[in-house]
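Worksheet: the structure to be examined is printed underneath.
The values are calculated or read from the model by the stated rules, or taken from the named source; none is laboratory data. Predicted model, so just to flag it, every value in this text is computed and none were measured. Cβ placement follows ideal geometry from the backbone for every residue including glycine, while neighbour counts extend to all protein chains displayed. Ligands, DNA and RNA are stripped out before the accessible areas are found, and what is left, the full protein with its side chains, is counted by its heavy atoms. Shrake-Rupley method; radii C 1.70, N 1.55, O 1.52, S 1.80 Å.
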Amino acid sequence: YVLRRIMRRAMRHANLLGMSSPLMHQLVPTLVAEMGTAYPDLVNRQGLITQNFVQEEERFLRTLDRGMTLLNAETKAMGDGAMLSGEVAFRLHDTFGFPLDLTQDALRSRNINVDTQGFAACMQVQKEKARAAWKGSGDSSSNMVWTGLLSDLASTKFTGYELQSGSGILQTLVVAGQSQASAGIGQSVEMVFDQTPFYAESGGQAGDIGTVQFSNGAVVAVHDTIKMGAVHILRGEVTEGKFEVNNTAEMQIDQVARAKTECNHSATHLLHAALRRRLGAGVTQKGSYVGPDRLRFDFSNNSAVPPSDLAEIEREINQVIWQNHAVEIQIMSPKQAEQRGAMALFGEKYGDEVRVLSMGGVDENQLGYSIELCGGTHVVRTGDIGLFRIISESAVASGIRRIEALSGEAARLSFMVDAKRLHEAAAKLKTPTDKLAMRVESLLAERRKLDNQLSEAKQKLAMGGSDTGSQVEKIGDISFVGQIADGVGGKDLRSLVDQTKAKIGSGVVAFIGVNDGKASVCIGVSDDLTSQISAVDLVKTAAVILGGQGGGGRPDMAQAGGPNGAKANAALLELKKMISANNGA
């Protein structure tokens, strides 16, 4: 955020100096030459950094154009020493990504000030709305009590790499946000044992679920396991009996859920490796989730991954899975891991020893297909994953993409569901499955043709058989065409306005479409009149009468809408009054 603010300020000044295309990426080679020795990551990722600069500047130039258009429209009538409202400045910031300092910069040369107090008030309202909308985890009281308890608790010994069950002694118990000595049936509890096979949510891997049975017969159904510091906290509901701190219990994880989670986790590592091999070393992990149901992987990339690349990535991952190589796990120093070629998350801090996970066949350098540092649980052999399928690829944020995928039985079932849908669609269209795509394209072409014919019919109906729709009226020396078009949508209104403007040459054209009681309005002003009459001003006035607000566009063409189509005639009358006032008639 801070870097973007600095960059955009520089971009704004470059724009003022006449630069209309990206400029700042040209500084990257100099930056790398000066700082690359101290920060080798700059050298390794120079291409990605340059690409990010270009895309950020291209985005900002579009933002600048939209923001300046709005700013100029709002300040058109302002004179020396005037004040721009904080509400408008905030709208520029919130909607267009136009920072307050840029707004102030742009207006300084015209000696127009900005109501910063009003801006701050709008910002505060937004923050309060965000706080109200945020539900949080619902565990704030619980987190507070654990903060006080953790200092007296030893690290939990995790036995879950080797075991899926095991015994432990209950060290601490929290019920309803309070430390308690005992708990009974029906209560929600949080428990810490001296050792446990339950994996605590970490590194994107979901915490284990399962059952805890105390020696006296009490039972807790565990629905989540989390980690605070080095302590594993088991969360669940008491389903039988009563138990106390220092009681011994047998813990059994849900083996099916763990196995599915391990398949998804190992598949995520293969996905990371495949993405880097296909898209380049600039791809790095930015977040993940692996649970028994699915996997999600966020990664750095400035554009969508083409379907052809996704298909190749999916194919390659399945090829590695079916090699059925043993998954190798070694404990070593971070330096040894680096020499081995292990991937570490940039900026992460690691201890004296790290857990290195190698998967897949070796390449010409005798390195595994995927080598990463990871503390999670994984399959024994790649073949245990069974099958891998990408479900979707989408944007998460600027420069961050997300892939969601399935593995194992879930992946197989998803193929089965899609195959069933394909056959059902083919049956309804009475077409063989191998010709379904052609049939759908044919139907879409027919639909487009019918839509065009319907649009033309609506436009002819709206024109009422006249070359210009309504009769051309004279308001002073300005030609005006105003028409209410029942059943005509916004897209068709624009076409009607363009056609009518071309026919009358000079003048103002207003069409109001009414559909299901709601109205859309489109207004055009010929170029020779835009210095005298703005389509934006006209459409805003019409929108208010129609029960809406705002509207926008350019001085020669603007659109808006409102919920009250019954006021269409009143809106046309008000437009005539405005034109008359502007014309001095």
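Provide the gained length on full extension for the span Ala425 to Asp352, in nm with one decimal, where the gain is 0.36 nm per separating residue minus the Cα-Cα distance.
20.5 nm
Residues of the chain: accessible area per residue at 1.4 Å, in Å²?
Accessible area per residue, the chain: 53 Å².
5 Å is the cut-off here: which amide hydrogens, built 1.01 Å from N in the peptide plane, fall below it relative to Lys242, excluding neighbours closer than 5 in sequence?
Distant-sequence amide H within range of Lys242: Ala218.
If DNA, RNA and ligands are ignored and the probe is 1.4 Å, what is the ranking of Asp486, Asp194 by accessible area, most exposed first?
The most accessible residue leads, giving Asp486, Asp194.
Under 15 Å from the 7 Å Cα→Cβ point of Ser215, by amide nitrogen: which residues of the range 160-204?
Residues 167-171, 194-195 qualify, since their backbone N sits under 15 Å from the label point.
What is the list of residues in the range 65-96 whose amide nitrogen lies under 13 Å from a point 7 angstrom out from the Cα of Ala10, following Cα to Cβ?
No residue qualifies, since no backbone N sits under 13 Å from the label point.
How large a share of the accessible area of the range 445-585, in percent, is made up of carbon and sulfur atoms when the probe is 1.4 Å and the other protein chains stay in place?
On the range 445-585, the fraction of accessible area on carbon and sulfur atoms equals 49 percent.
Just grab the label-to-label distance for Ala395 and Met578, each label 7 Å out from Cα along the Cβ direction, in nm (one decimal).
3.3
As I understand it, the dipole of the range 267-352 uses +1 on the Cβ of Lys and Arg and -1 on the Cβ of Asp and Glu, about the Cα centre. Which of Tyr289, Trp322, Gly341 lies farthest toward its positive end?
Value computed over the given set: Gly341.
How would you classify the range 421-570 from its alpha-carbon gyration tensor, with a ≥ b ≥ c the square roots of the eigenvalues: rounded for a/c under 1.5, else prolate if a/b is greater than b/c, otherwise oblate?
prolate
May I ask you to order 179-190, 517-528 by the average number of other C-beta atoms within 10 Å around their residues, highest value first?
The densest-packed peptide leads the list: 517-528, 179-190.
Taking the Cβ of Ser85 as the center, what net charge do the other residues with Cβ under 12 Å away carry, scoring Lys and Arg +1 and Asp and Glu -1?
With Lys, Arg at +1 and Asp, Glu at -1, the neighbours total -2.
Would you work out which of Val305, Ala519, Val356 lies farthest towards the positive end of the dipole of the chain, given +1 charges on the beta-carbon of Lys and Arg and -1 on that of Asp and Glu, about the Cα centre?
With unit charges placed on the Cβ atoms, the residue in question is Ala519.
Could you work out the longest stretch of the chain that avoids the chymotrypsin sites (Phe, Trp or Tyr not before Pro) located in DSSP loops with at most 10 other Cβ atoms within 10 Å?
It works out to 135-585.
Just for the chain, what percent of DSSP beta bridges are antiparallel, to the closest 5?
Bridges in the chain are about 85 percent antiparallel.
Of His93, Gln205, Ala274, which is farthest on the positive side of the dipole of the chain, counting Cα position, with +1 on Lys and Arg Cβ, -1 on Asp and Glu Cβ, and the Cα centre as origin?
Of His93, Gln205, Ala274, it is His93.
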